[in-house]
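Inspection log for the structure reproduced underneath, given as structure tokens.
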Number of protein chains: 2
Amino acid sequence: MKKHNFFAGPGILPGPVYEQAKQAIDDFAGMGVSILSVSHRSAEFSAVMEKARTLVKELMNLDDDFEVLFLQGGASMQFLQIPYNLMHKKAAYLDTGAWASKAIKESRYFGETVVVASSANEQYSYIPKGYPVPEDADYLHVTTNNTIYGTQMFDFPETEVPLVADMSSDIFSRKLDFNRFGLIYAGAQKNMGPAGTVLVAVRKSLLGKTGRRIPTMLDYETHIAKGSMFNTPPVFAVYVSMLTLEWVKAKGGVEAMEKINREKSRLLYKELDRNPLFNTKVRKEDRSMMNVTFDLTDESLRPEFDRMWKEAGIIGLKGHRSVGGYRASLYNALPLESVKTLVEVMQELEKKA
Amino acid sequence: MKKHNFFAGPGILPGPVYEQAKQAIDDFAGMGVSILSVSHRSAEFSAVMEKARTLVKELMNLDDDFEVLFLQGGASMQFLQIPYNLMHKKAAYLDTGAWASKAIKESRYFGETVVVASSANEQYSYIPKGYPVPEDADYLHVTTNNTIYGTQMFDFPETEVPLVADMSSDIFSRKLDFNRFGLIYAGAQKNMGPAGTVLVAVRKSLLGKTGRRIPTMLDYETHIAKGSMFNTPPVFAVYVSMLTLEWVKAKGGVEAMEKINREKSRLLYKELDRNPLFNTKVRKEDRSMMNVTFDLTDESLRPEFDRMWKEAGIIGLKGHRSVGGYRASLYNALPLESVKTLVEVMQELEKKA
């Protein structure tokens, strides 16, 4: 039975990608050995790494100042690697949720950390706007989509300060002017691939300026100099990410992804607004296209609703353990059909109740 | 065609592991979703992580002071994470090759670093012995197997200083008194799994003593407190490692691995000692059971030898790019039959020459 996979991450990948991944476990690139057991220095895998890096630049239309890396440790490692590499004295952060807060915590190990605005007082149910950005900050860090709360940034501050963005949960899901950013990073396991690699696209012109001595593995310049192959990369995670990026391109790129993501999220929000049994706390203008958080208005319906969506073949609908309720993650690879199934279950519950 | 896979890493894994990995890409643990797309917080994956950690303790017979972690960044990240966590003021290192040298370089970011002995002057063709260990060192770091040069440590210094060991290329390949060590680490991609995770087994009693502020992700205590699930772990790499550990256990554990590895390496070294067309630079008492380095005595035979082993279905025999020649990696999963095939090719070359 094929499930409707609403997991928030690791999340659903395109069907053909699973097939190609299995094929490569049998025989990678016609070499007669598995992708799990092939030297990362082989010409065949080097080509995969180069293709993945090139596809990222292409899909985001990044200018030549950008270098693309596939590193390890997830976005959480970037929380410290960013200030290590970019903070001279002072960094600014927008606090839009748990992940932003974790990034802020790491920044404080390295220097003065200004929180320009926070929506903590309203359970991160909106994206703060109209805050001042200190002109002497080395960068402003934002989280473009907040997986736990279901908010997303649709506007970015006009500032001369370089923008650093955690795009873990909305990378490749929509068109943006990515050249407005100084550094973009994203754990792979939502819209790009399996867990085990983190994408970093960084402007070379921002590096090497802090005067700080950086341990080799934490220094972006180490990895740039070696084409993201300084040490053994996470071969399989990079391969599957490359396959997913090829799929995004074949489907029409980020514009095409945005179109379908818009359709999927519209359908679900429409039902949440209509159906009296459900509500969502997120402010309308900040509603995420990727992670839709909601809950029942009547707690007593929970066992019945849970039974119904499980019976409909839905998996991964539980909200984050810190907030409860429900969360439907509508990543690129999730078919419209899955959202329709969820909406039908919600309507069926209404009829029964 | 099935290849004889002599790659130095990522290296060969057991046949059944590839099959189980493919199966899990289709349907993990009967959940109806792929291992690539399942929440790491699911009960099913949490059980995998716990099983992997338990199997490591069991296979190495580790005492209760040890905590087992599956982290990211490879052994190279451990080069800095170890001094970050364990060095108060001074650390001692044994220099047995390129990887040891890289570990030494990182240690110098954190404090006084004493190189107790080095075999650099003889191209790392032996393991230094009989060196003094400074009693006030916080630890002594050794590399138990040197993948590039083909040397292996069979004796360890008697010292009160905690031993820290990079076992990346001989983990689970032989029986040792692992409780003599304070910290053991190993990149997965040789004897344990695919690239993308690094095993760390560390004594809790050594931690939290440096007074140094450690960024969250680099602090072992962060990961211990969360059962190696502080942030999204490299799900697939941990799963495949768990499968490989199960295979090692089913085959009879590290004693059984050592027996077959001894047989494989003996066969190959016997031929290298006998066949006048080949030589190896490594001192007899330090010869690795895992990576056998050798070369032709007559350069003019290279094209013919290369043609012959490729024709015999052998892959991955090239020496490391820094030393040239040949290297046969005889990891746990490599069948005896593959070594026999290589030896036959060597004998055939001798007949022809």
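Once you charge only the Cβ atoms, +1 for Lys and Arg and -1 for Asp and Glu, what is the size of the charge dipole of the stretch A:253-352 about its Cα centre, to the nearest 20 debye?
I would put it at about 160 debye.
Expressed in units of 2.2 N^0.38 Å, where N is the residue count, the Cα radius of gyration of the stretch B:147-222 is 1.24.
Please give the net charge around residue B:201, taking every other residue with its beta carbon less than 14 angstrom from that of residue B:201, where Lys and Arg add +1 and Asp and Glu add -1.
With Lys, Arg at +1 and Asp, Glu at -1, the neighbours total -2.
A Förster radius of 35 Å, combined with the Cβ-Cβ distance separating residue B:222 from residue B:273, puts the computed FRET efficiency at roughly 0.10. Pairs of alpha carbons in the stretch B:1-42 separated by more than 12 Å make up 67% of all such pairs. For the listed residue pairs A:57/A:226; B:90/B:281; A:318/A:340, the alpha carbons are over 25 angstrom apart in B:90/B:281. Given the protein assembly as shown, what percent of its DSSP beta bridges are antiparallel, to the nearest 5? Bridges in the protein assembly as shown are about 55 percent antiparallel. Across the options B:153, B:335, B:94, the greatest Cα extent toward the positive end of the charge dipole of chain B (unit charges at beta carbon of Lys, Arg, Asp, Glu) belongs to B:335. Counting only GluC sites (Glu not before Pro) that DSSP places in a loop and that have at most 16 other Cβ atoms within 10 Å, the longest clean stretch of chain A runs over A:161-353. Neighbour counts of C-beta atoms inside 10 Å place B:101, B:205, B:76 in the sequence B:205, B:101, B:76, starting with the fewest.
At the listed q of 0.10 Å⁻¹, the Debye profile of the protein assembly as shown, built from one uniform point per Cα, gives log10 I(q)/I(0) equal to -0.97. Within a straight-line Cα-Cα reach of under 13 Å, residue A:105 can be paired with the following aspartates and glutamates, leaving aside sequence neighbours fewer than 8 residues apart in one chain: A:95. Using the Cα coordinates of the stretch B:253-352, the gyration tensor eigenvalues translate into equivalent-ellipsoid semi-axes of 22, 15, 13 Å, sorted from longest to shortest. Among the trypsin sites (Lys or Arg not before Pro) in the stretch A:99-146, those placed in a DSSP loop whose Cβ has at most 15 other Cβ atoms within 10 Å are A:108, A:129.
Relative contact order of the stretch A:1-121, taken over Cα pairs closer than 8 Å and 6 or more residues apart, is 14 percent. Here the 3J(HN,Hα) profile of the stretch B:172-183, calculated from phi with Karplus coefficients 6.51, -1.76 and 1.60 at θ = phi - 60°, is 6, 9, 6, 8, 9, 7, 5, 6, 6, 9, x, 8 Hz, Gly and Pro shown as x.
Using just its DSSP H runs of length 4 or more, each adding -39500 (n - 2.57), the protein assembly as shown gives a mean residue ellipticity at 222 nm of -11500 deg cm²/dmol after division by all residues.
Averaging the sequence gap over all C-alpha pairs within less than 8 Å and six or more residues apart, then dividing by the number of residues, gives the stretch B:158-273 a relative contact order of 25 percent. Evaluated at 4 °C with a viscosity of 1.567 mPa s, what Stokes-Einstein diffusion coefficient in µm²/s does the stretch B:15-250 have when Rh comes from the Kirkwood expression over alpha-carbon pairs? The estimated diffusion coefficient comes to 71 µm²/s. Measuring r between the beta carbons of residue B:284 and residue B:158 and using R0 = 22 Å, the FRET efficiency lands at 0.40. Candidate cross-link partners of residue A:3 among the aspartates and glutamates, defined by an alpha-carbon separation under 17 Å and a same-chain spacing of 8 or more, comprise A:19, A:306, A:311, A:337, A:344, B:26, B:27, B:44. What separates the residue B:263 label point from its copies, with the point 7 Å along Cα to Cβ, is 6.0 nm, written shortest first. The residue among B:4, A:253, B:202 whose Cα reaches farthest toward the positive pole of the charge dipole of the protein assembly as shown, with charges on the beta-carbon of Lys, Arg, Asp and Glu, is B:4. Evaluated with a Cβ-only charge set (Lys, Arg +1; Asp, Glu -1), chain B carries a dipole of roughly 460 debye about its Cα centre, given to the nearest 20. Taking all Cα pairs closer than 8 Å and separated by 6 or more residues, the relative contact order of chain A comes to 24 percent.
Scalar couplings 3J(HN,Hα) for the stretch A:234-248, obtained by applying the Karplus form with A = 6.51, B = -1.76, C = 1.60 to θ = phi - 60°, are x, 3, 5, 4, 5, 4, 5, 4, 4, 4, 5, 5, 4, 5, 4 Hz; x denotes Gly and Pro. Multiplying the residue separation of residue B:304 and residue B:209 by 0.36 nm and subtracting their alpha-carbon distance yields 28.4 nm.
The dipole here belongs to the protein assembly as shown: it is taken about the Cα centre, uses +1 on the Cβ of Lys and Arg and -1 on the Cβ of Asp and Glu, and is about 320 debye.
Rule-based calculations on the coordinates, nothing more; no lab input. Note that the structure is predicted; figures quoted are calculated from it, not measured. FYI the Cβ positions are ideal-geometry reconstructions off the backbone, even for glycines, and counts take in every protein chain you see.
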